Amino acid sequence: MTDNSNSNETHKKALQPESINAASAGYIAGLRKNAPSAKALAQGVLNGDITALSRAITLIESANPNHFEKAAEVIAQCLPHANKSVRIGITGVPGVGKSTFIEAFGKYLTGIGKKVAVLAVDPSSTVSHGSILGDKTRMEELVKDKNAYIRPSASGETLGGVAQKTRESVILCEACGFDTILIETVGVGQSETAVHSMVDFFLLLQIAGAGDELQGIKRGIMEMADLVVINKADGDNTHKANFTKTELNRALHYFPPKASGWQPKAMTCSAVNRIGISETWQQIERYINHAKNNGYFEMCRHKQNTYWFTETIHQLLLNRFYSNSETASHLETVKKAVQNGEISPFAAASIVLKKYFSS
């Protein structure tokens with residue numbers, strides 16, 4: 001009698017492909033070995049080399065501690081050439097048509113002579129920790145445009161709708177010569193407001209007929225928005241979109257005055273039919289001129305720099321805490337005590353931190 005289990009196991013092993021192709025692995029290892037210096041990489045970015053820009057963003061996104069110093073050097077060399085763009089944050093509920101809108105908007109901007117960089121943030125799975133990064137496939141026209149650059153990044157464990165290194169990516173794109181930066185968030189939620197602290201203009205996409213139009217998505221995000229655009233205002237949905245626009249404009253007047261002195265408004269558009277796209281840009285231009293004239297634009301940029309300075313300190317402290325070998329072993333012991341109810345989480349945290357700082 002034949003042993004089917006052994007036969008099946010042998011068959012599986014025979015069909016099992018190589019997990020890593022030796023030639024590909026050697027090629028990648030060679031590229032890493034011949035990686036350009038920080039100075040060469042920064043110079044490539046300043047020369048408008050898209051390949052250098054992509055490699056620089058990959059470097060700053062790397063979690064490898066050996067890359068931190070090199071990444072910091074690239075940023076330092078690019079920083080004096082940054083801060084010359086208009087930064088626009090674009091958010092909205094999943095399904096509102098952010099990618100379609102950004103493609104239509106991006107194509108309009110390149111058509112009037114702008115150089116557009118799109119930093120698209122995709123959500124990471126809390127289970128597999130993977131991310132699809134499919135924004136390029138949804139922007140088929142824009143990705144072929146020589147005056148546009150699309151960079152998808154995974155959100156990782158970062159809250160706020162942006163990736164951990166989105167701020168640094170903005171600096172690199174500006175240094176590379178892009179004068180309009182579009183930051184697409186993962187989709188509106190309670191915590192997805194960090195993008196507001198890194199952009200000059202905050203655009204909120206809405207759809208009609210989704211219910212609860214007056215509340216919008218969440219009052220906090222509605223209060224942050226400089227413009228609300230109701231997308232998919234076409235076909236049978238046109239009437240509902242216009243009704244939603246009227247209701248939102250009425251609601252926006254009841255919100256507290258913005259520090260910029262700007263009165264946000266709601267308008268409609270159809271990204272698919274490219275209707276309302278130029279009007280959206282006109283509103284953004286009006287806002288930028290308004291904010292620059294009253295000094296709010298510059299003041300906001302200064303506040304953002306301070307905010308990201310403190311955020312970076314927080315992140316560095318976290319990284320150092322969890323990468324400390326002594327802390328890691330002690331952390332596991334105390335964690336088990338917390339799980340077993342032998343000590344309160346607050347007391348345990350105090351013990352671990354005291355141990356860390358004393359070491």
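The values are calculated or read from the model by the stated rules, or taken from the named source; none is laboratory data. The structure presented is a predicted model; accordingly, all values stated were derived computationally and were not measured. Reconstructed Cβ throughout: ideal geometry from the backbone, glycine too, with neighbour counts over all protein chains shown. Surface areas here come from the heavy atoms of the whole protein model, side chains and all, with no ligands, DNA or RNA. Shrake-Rupley method; radii C 1.70, N 1.55, O 1.52, S 1.80 Å.
Any chance you could tell me what percent of the C-alpha pair distances in region 250-339 go past 16 Å?
More than 16 Å apart: 74 percent of the Cα pairs in region 250-339.
Which percent of the accessible heavy-atom area of region 200-359 goes to carbon and sulfur, probe 1.4 angstrom?
Exposed carbon and sulfur together represent 56 percent of the surface.
Under 5 Å between amide hydrogens, which residues at least 5 positions from Thr180 or on another chain qualify, with H placed 1.01 Å from N in the peptide plane?
Val86, Lys115, Ala117
Run through all the Cα pairs of region 46-101 and give the fraction in each 10 Å bin from 0, expressed as whole percent.
Once binned at 10 Å, the Cα pair distances of region 46-101 give 18, 34, 30, 17, 0.
Taking Cα pairs under 8 Å and at least six residues apart, what relative contact order does region 209-359 come out at, in percent?
This gives 17 percent for region 209-359.
So, counting K/R as plus one and D/E as minus one, what does the shell of residues with Cβ under 12 Å around Ala42 add up to?
Once all neighbours under 12 Å are counted, the net charge is +1.
Within a Cβ distance under 13 Å of Ser329, other residues only, what is the Lys/Arg minus Asp/Glu net charge?
For residues surrounding Ser329, the net value is +1.
I'd like to compare 304-312, 77-85, 113-121: which one has the highest average count of other Cβ atoms within 10 Å, and what's the full order after that?
Per-residue Cβ counts within 10 Å, averaged per peptide and sorted highest first, yield 113-121, 77-85, 304-312.
What does the convex hull of the alpha-carbon atoms of region 288-359 project to on average, in nm²?
7.1
For region 218-260, just list the percent of Cα-Cα distances falling in each 5 Å bin from zero outward, please.
In order of increasing distance, the bins hold 5, 19, 29, 20, 14, 8, 3, 0 percent.
Amide H to amide H under 5 Å from Val272: which residues, 5+ apart in sequence or cross-chain, H placed 1.01 Å off N in plane?
Counting only residues 5 or more places away or on other chains, the set is Lys232.
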